[in-house]
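So the structure is just underneath, and the comments pick up after that.
The values are calculated or read from the model by the stated rules, or taken from the named source; none is laboratory data. These numbers come from a predicted model, not from an experiment. Cβ placement follows ideal geometry from the backbone for every residue including glycine, while neighbour counts extend to all protein chains displayed.
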Number of protein chains: 2
Amino acid sequence: MKTRLFTPGPTPVPEPVMLRMAQPIIHHRTDEFRAVIRRVSDNLSYLFCTAQPVLTLTSSGTGAMEAAIVNTMSAGEELLFVNGGKFGERWGEIARAYGLTTHELAVPWGTAATPQQILEMVAQHPAVRAVCLTHSETSTGVFTDVQAIARALRQQGYEGLVMVDGITAVGAHEMRFDDWGLDVVVTGSQKGLMIPPGLAFIALSQRAWEFNKTSTLPKFYFNLAEARASLEADDTPWTPAITLMLGLDEALQMIRHEGVENVWARHARLAAALRAGALTLGLQLFASPSSNAVTSITLPENGSTFMKLLKEKYRVTVAAGQESLKGKIFRVSHLGYYDEADMLSILFAIESALTDVGHQHSEGGGLAAAQKVFNQPHTAPGEPT
Amino acid sequence: MKTRLFTPGPTPVPEPVMLRMAQPIIHHRTDEFRAVIRRVSDNLSYLFCTAQPVLTLTSSGTGAMEAAIVNTMSAGEELLFVNGGKFGERWGEIARAYGLTTHELAVPWGTAATPQQILEMVAQHPAVRAVCLTHSETSTGVFTDVQAIARALRQQGYEGLVMVDGITAVGAHEMRFDDWGLDVVVTGSQKGLMIPPGLAFIALSQRAWEFNKTSTLPKFYFNLAEARASLEADDTPWTPAITLMLGLDEALQMIRHEGVENVWARHARLAAALRAGALTLGLQLFASPSSNAVTSITLPENGSTFMKLLKEKYRVTVAAGQESLKGKIFRVSHLGYYDEADMLSILFAIESALTDVGHQHSEGGGLAAAQKVFNQPHTAPGEPT
């Protein structure tokens with residue numbers, strides 16, 4: 001049986017990306033590489049739906065989250081974050097490491113913060129200068145409606161920043177940076193961008209760049225004003241991760257060719273099919289509302305045997321639960337380079353492992369449920385929506 | 001004519017490394033990847049000649065330099081750095097960005113600081129808590145005797161840290177972290193380690209880890225205590241650059257197979273041959289003493305035509321001078337995956353371009369001079385020195 005990867009980062013790397021990265025390395029201060037920087041930058045702005053530059057950092061997504069804070073905030077300022085999972089929590093950890101005063105809106109893991117809850121917290125703490133959200137919380141599979149939250153905040157006259165961890169959301173969910181009035185969005189390379197980990201991306205709004213001018217937190221490697229100045233000269237402040245940039249160039253061209261709206265629609269369709277299949281097999285979904293990047297499913301009876309079977313007998317790698325969710329859920333990714341048949345592969349593995357642990361369900365029911373979703377009318381790949 | 005790369009980062013990537021990185025990606029929280037982390041960690045300690053853990057960061061070498069400072073120092077403390085080139089200067093820039101008080105020992109670019117100069121500066125500024133050096137200054141091609149400086153400092157009873165930028169030195173020059181009493185050494189992946197850029201490495205001495213306990217500078221992504229704790233569990237705090245780690249695993253096995261002392265000896269031999277060839281062609285060496293990683297050569301008459309010919313007619317990529325050395329020197333790398341015949345390739349290109357611009361020299365003299373160096377008795381690859 002083939003080995004298949006269904007984790008929300010790293011996600012499978014398309015063959016043209018692998019081959020592009022395997023070519024003899026080129027130097028980064030050359031016309032050839034400057035053309036790559038220009039094309040990548042243009043395509044990243046397309047992906048983020050923004051006229052702002054999207055900056056590329058050599059780091060994990062966490063590095064870009066840190067960059068978001070140290071480039072816009074000053075010591076002692078107040079910041080609100082939503083703790084609805086491990087990654088939401090991380091906003092608070094970074095802010096505290098840099099001496100900010102943090103206010104935590106804790107929501108039960110598996111659920112999302114509402115605009116109303118955010119408005120109440122901001123009303124209680126009017127000095128809050130940044131609201132930090134997680135568009136798709138990878139640890140729980142929850143989707144947060146950052147568009148509605150940003151709109152509600154602006155309607156109330158909030159003048160601080162709306163910062164979004166879009167690490168597993170960008171490419172999976174509609175995200176219109178400019179139209180939605182977001183101030184900072186970060187993402188990582190090993191997610192919807194379909195390349196190996198090692199790069200992170202960040203966009204700042206005009207408002208965030210204004211905050212940058214007065215931000216006093218120390219920064220050097222993650223200094224975004226430097227990165228922006230370099231980008232204007234088709235350059236980077238430090239040696240970039242050249243091979244990953246070349247892979248990115250290839251991956252972004254694939255996204256642009258498919259069309260970003262079609263990419264979003266594909267993720268919605270695959271997620272809906274997987275959820276329908278899992279429910280038909282008698283499994284319970286953990287997250288509500290559910291992200292289109294990753295589906296969290298409550299572990300069935302004999303959970304550890306079930307996980308072992310998936311990995312060893314059916315050769316699919318899914319993600320286990322993290323921290324308090326360890327042993328309670330498993331997470332299946334449909335983020336990035338996946339199509340319909342991939343969802344059938346993972347449903348086949350899940351059903352087979354369920355059968356092996358003695359779970360009761362209709363034979364082939366998961367696959368049939370997925371097929372029903374695929375049969376529903378939808379915009380075909382390649383057609384503009 | 002084939003295209004050949006002679007830049008001091010990125011350096012050529014060996015074919016087995018390229019092929020290892022081109023395989024389907026694996027997840028990092030798996031037994032398979034934990035085995036890679038263990039083997040890489042063991043081989044990095046071998047390369048650094050240390051019993052300390054060598055930590056791997058996803059960043060450029062500059063990120064590791066920042067990590068060195070923010071993990072050992074506190075705001076307001078004093079630090080001495082040597083400005084003998086662009087990278088020595090960088091130590092000071094990072095330190096100032098984090099609010100340290102810096103003392104600069106400026107030496108003419110192209111020359112190295114002596115132990116005596118360092119001792120005098122430390123005597124003048126007894127509150128200095130860290131002396132920051134550059135083992136091989138990539139921008140000038142200068143070698144600094146960090147072993148002699150560390151020894152002199154300890155003999156004078158200096159109790160601060162000796163921090164070394166080993167970015168182009170590790171793998172090219174003898175460096176015995178424990179025996180020499182160094183406190184911090186950093187390096188990058190696209191140098192002597194022969195893999196693409198995107199990873200950086202850092203080792204801390206027992207003394208530096210003591211400094212870490214009281215260091216108050218803010219850090220999160222580059223928190224080395226977290227990285228060390230993760231490494232003890234064969235893990236990383238953040239998603240690592242998986243493909244680069246796999247390439248690193250391959251490259252380190254090549255270094256271990258050749259033997260680190262043989263790797264140092266090979267770099268010395270190739271550098272000596274290139275220098276002998278350049279001198280025989282009537283060129284002038286810029287750096288004294290010269291690094292075994294990169295040779296800086298004063299540009300001949302018609303320098304810009306000469307550089308254009310190298311790139312376009314002879315298809316070799318060398319590095320130009322940076323900042324104040326732009327238009328004055330060019331730099332040829334022999335760092336990483338090079339052998340004797342590679343030095344003949346670059347000497348052939350240099351001689352041919354010199355002939356094209358009307359430079360006078362003995363035909364084939366550069367190649368003959370290199371061959372003489374290669375004919376001198378030396379330890380054969382594979383034999384311990």
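Do we find that B:A278 is under 22 Å from the mean Cα position of the chain (by Cα) and not acidic (D, E) in this structure?
no
Would you pick out the residues in the range B:176-192 that are crowded, with 24+ Cβ neighbours inside 10 Å, in a loop (DSSP other than H, G, I, E, B) and either small (G, A, S) or more than 13 Å from chain A (Cβ to nearest Cβ) (or both)?
B:F177, B:L182, B:D183, B:S189, B:G192
Filter the range B:193-221 for residues that are among the small types (G, A, S) and in contact with a strand residue (DSSP E or B) (Cβ under 9 Å, 6 or more places away or on another chain); which is surrounded by the most Cβ atoms within 10 Å (Cβ to Cβ)?
My answer is B:G198.
Looking at B:G99, B:G88, which one is touching a Cys at 6+ places or on another chain (Cβ under 9 Å) and either more than 30 Å from A:V316 (Cβ to Cβ) or more than 8 Å from chain A (Cβ to nearest Cβ) (or both)?
After ruling out the rest, the residue left standing is B:G88.
Tally up the residues in the range A:329-370 that are within 26 Å of A:G88 (Cβ to Cβ) and either of a type in the set (A, V, I, L, M, F, W, C) or surrounded by fewer than 16 Cβ atoms within 10 Å (Cβ to Cβ) (or both), please.
Number of matching residues: 4.
Considering only residues that are within 15 Å of A:P197 (Cβ to Cβ), out of contact with any strand residue (DSSP E or B) (no Cβ under 8 Å at 6 or more places or on another chain) and within 12 Å of chain B (Cβ to nearest Cβ), look in the range A:226-251 and name the one that is surrounded by the most Cβ atoms within 10 Å (Cβ to Cβ).
Within the range A:226-251, the match that is surrounded by the most Cβ atoms within 10 Å (Cβ to Cβ) is A:T243.
Condition check ((1) at pLDDT 95 or above; (2) touching a strand residue (DSSP E or B) at 6+ places or on another chain (Cβ under 7 Å); (3) more than 29 Å from B:K213 (Cβ to Cβ)) across all residues:
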residue: B:G61; (1), (2), (3): yes, yes, no
residue: B:N71; (1), (2), (3): yes, no, no
residue: B:G99; (1), (2), (3): yes, no, no
residue: B:V142; (1), (2), (3): yes, yes, yes
residue: B:L153; (1), (2), (3): yes, yes, no
residue: B:D165; (1), (2), (3): yes, yes, no
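List pairs: first in the range B:86-111 and within 11 Å of B:T134 (Cβ to Cβ), second modelled with pLDDT under 95 and surrounded by fewer than 20 Cβ atoms within 10 Å (Cβ to Cβ), Cβ under 7 Å, 6+ apart or cross-chain?
From the range B:86-111, the pairs are B:K86/B:Q322; B:K86/B:E323.
Among the residues in the range A:347-358, are any of a type outside the set (G, A, S), touching a residue at least 60 places away in the same chain (Cβ under 8 Å), touching a Gly at 6+ places or on another chain (Cβ under 8 Å) and under 28 Å from A:H135 (Cα atoms)?
Looking for residues that are of a type outside the set (G, A, S), touching a residue at least 60 places away in the same chain (Cβ under 8 Å), touching a Gly at 6+ places or on another chain (Cβ under 8 Å) and under 28 Å from A:H135 (Cα atoms), one finds at least one in the range A:347-358, hence yes.
Which condition breaks for A:S324 when tested against (1) in a helix (DSSP H, G or I); (2) at pLDDT 95 or above; (3) over 25 Å from A:H267 (Cα atoms)?
Of everything listed in (1) in a helix (DSSP H, G or I); (2) at pLDDT 95 or above; (3) over 25 Å from A:H267 (Cα atoms), A:S324 misses just condition (2).
Restricting to the range A:327-356, name every residue that is assigned to a helix (DSSP H, G or I) and under 22 Å from the mean Cα position of the chain (by Cα). So that I can check it myself, show each step before the final result.
Looking only at the range A:327-356, we keep the residues that are assigned to a helix (DSSP H, G or I), and these are A:340-356.
Across the range A:327-356, the qualifying residues are A:E340, A:D342, A:M343, A:I346.
Mind checking which residues of the range B:16-31 are facing chain A (nearest Cβ under 9 Å) and outside any loop (DSSP other than H, G, I, E, B)?
Residues of the range B:16-31 facing chain A (nearest Cβ under 9 Å): B:18-19, B:21-30.
Passing the criteria: B:M18, B:L19, B:M21.
Scan the range B:147-161 and give yes if some residue there is surrounded by 20 or more Cβ atoms within 10 Å (Cβ to Cβ), touching a residue at least 60 places away in the same chain (Cβ under 8 Å) and not in a loop (DSSP other than H, G, I, E, B), otherwise no.
yes
Kindly establish whether A:L193 is within 26 Å of A:A272 (Cβ to Cβ) and not assigned by TED's automatic domain parsing to the domain that holds A:A320.
yes
Does B:M73 meet the test of being within 14 Å of another protein chain (Cβ to nearest Cβ), among the hydrophobic types (A, V, I, L, M, F, W, C) and closer than 25 Å to B:L252 by Cα?
Against the criterion (within 14 Å of another protein chain (Cβ to nearest Cβ), among the hydrophobic types (A, V, I, L, M, F, W, C) and closer than 25 Å to B:L252 by Cα), B:M73 does not qualify.
Return a yes/no flag: does the range A:101-110 have any residue that is more than 19 Å from A:P8 (Cα to Cα), crowded, with 24+ Cβ neighbours inside 10 Å, under 21 Å from the mean Cα position of the chain (by Cα) and not assigned by TED's automatic domain parsing to the domain that holds A:R331.
Of all residues in the range A:101-110, those more than 19 Å from A:P8 (Cα to Cα) come to A:101-108.
Going one step further and asking which of them are crowded, with 24+ Cβ neighbours inside 10 Å, we end up with none.
Looking for residues that are more than 19 Å from A:P8 (Cα to Cα), crowded, with 24+ Cβ neighbours inside 10 Å, under 21 Å from the mean Cα position of the chain (by Cα) and not assigned by TED's automatic domain parsing to the domain that holds A:R331, one finds none in the range A:101-110, hence no.
Does A:L55 satisfy being more than 27 Å from B:R20 (Cβ to Cβ), assigned to a strand (DSSP E or B) and not assigned by TED's automatic domain parsing to the domain that holds A:V263?
yes
Using the structure shown, decide if B:A268 is within 14 Å of chain A (Cβ to nearest Cβ), within 23 Å of the chain's Cα centre (by Cα), among the hydrophobic types (A, V, I, L, M, F, W, C) and surrounded by fewer than 20 Cβ atoms within 10 Å (Cβ to Cβ).
No: the conditions fail for B:A268.
Picking from A:T11, A:T56, A:T50, which residue would you name as being at negative phi, of a type outside the set (A, V, I, L, M), within 14 Å of chain B (Cβ to nearest Cβ) and out of contact with any Gly (no Cβ under 6 Å at 6 or more places or on another chain)? Steps first, please.
On the way: A:T11 fails: out of contact with any Gly (no Cβ under 6 Å at 6 or more places or on another chain); A:T50 fails: within 14 Å of chain B (Cβ to nearest Cβ).
After ruling out the rest, the residue left standing is A:T56.
Which one of A:S304, A:S288 is under 20 Å from A:W109 (Cα atoms), surrounded by fewer than 22 Cβ atoms within 10 Å (Cβ to Cβ) and small (G, A, S)?
A:S288
Within the bounds of the range B:78-88, is there any residue that is closer than 24 Å to B:K328 by Cβ, outside the structural domain of B:S324 (by TED's automatic domain parsing), in contact with a His (Cβ under 9 Å, 6 or more places away or on another chain) and modelled with pLDDT of 95 or more?
Yes, some residue in the range B:78-88 is closer than 24 Å to B:K328 by Cβ, outside the structural domain of B:S324 (by TED's automatic domain parsing), in contact with a His (Cβ under 9 Å, 6 or more places away or on another chain) and modelled with pLDDT of 95 or more.
For (1) surrounded by fewer than 18 Cβ atoms within 10 Å (Cβ to Cβ); (2) among the hydroxyl-bearing types (S, T, Y), each residue gets a yes or a no:
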residue: B:P8; (1), (2): no, no
residue: B:E15; (1), (2): yes, no
residue: B:P24; (1), (2): yes, no
residue: B:E32; (1), (2): yes, no
residue: B:I37; (1), (2): no, no
residue: B:V40; (1), (2): no, no
residue: B:Y46; (1), (2): yes, yes
residue: B:A51; (1), (2): yes, no
residue: B:S59; (1), (2): no, yes
